[in-house]
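Comments concern the structure below.
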Amino acid sequence: MENPALCANGCGFFGTAANQNYCSKCYKDFLEKEEENSAREKETVMAKDMSQLSLSSDQNTEKKIIADGSSTKKKSERCGKCNKKAGIVGFKCRCGTVFCSIHRLPEEHDCNFDYKAMEREILIKKNPLVKADKLVGRMM
């Protein structure tokens, strides 16, 4: 029989080799931390993909805003559809315009951003094309 080993986390209980030398409670905590880390990695990958696919016109306007940095007073955000003050609750669409809560949906403000093309590009990047080898003369 094996000599029981203490938990790798140092809690004082005995660990098992099946649980990577953790006790049952520490092993459960270890698995939860791993799931959180993998979820964070997925979020950062998605954020990178989304930022890379931003419109070039958005990048140009951001550069102009940074270059114009002379004005220190912030202009109040207004809805692009009804010109109502959006304030803190303003929703920024991927088309680059701020909208109020009524016009925040793409269908409500006649958004010109192509969501399908963006999703297609993400799918193409994440799922590379897999081709089978061409086997000449192979019989089934």
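The values are calculated or read from the model by the stated rules, or taken from the named source; none is laboratory data. This one's a predicted model, so the numbers in the text were calculated from it and none came from an experiment. Neighbour counts run over all protein chains shown; Cβ positions are idealised from the backbone, glycine included. The area values use the complete protein model at the heavy-atom level, side chains included, leaving out ligands, DNA and RNA. Shrake-Rupley method; radii C 1.70, N 1.55, O 1.52, S 1.80 Å.
Close amide-amide hydrogen proximity is noted between Thr16 and Asn21, Tyr22, each under 5 Å apart and 5 or more residues distant or on a separate chain (H modeled in the peptide plane; Pro and chain starts excluded).
With a 1.4 Å probe rolled over the protein heavy atoms of all chains, the accessible area of Glu35, Glu108 falls in the order Glu35, Glu108, largest first. Computed over protein heavy atoms with a 1.4 Å probe, the accessible surface of the range 79-140 works out to 87 Å² per residue. Note on Ser38 and Ala17: the model spin-label points, each 7 Å out from Cα along the C-beta direction, lie 2.5 nm apart. A Förster radius of 41 Å combined with the Cβ-Cβ distance from Ser24 to Glu107 puts the calculated FRET efficiency at roughly 0.20.
Taking 30 Å as the limit for the C-alpha separation, the pairs Lys42/Lys81; Lys92/Lys131; Lys42/Lys92 exceed it in the case of Lys42/Lys81; Lys92/Lys131.
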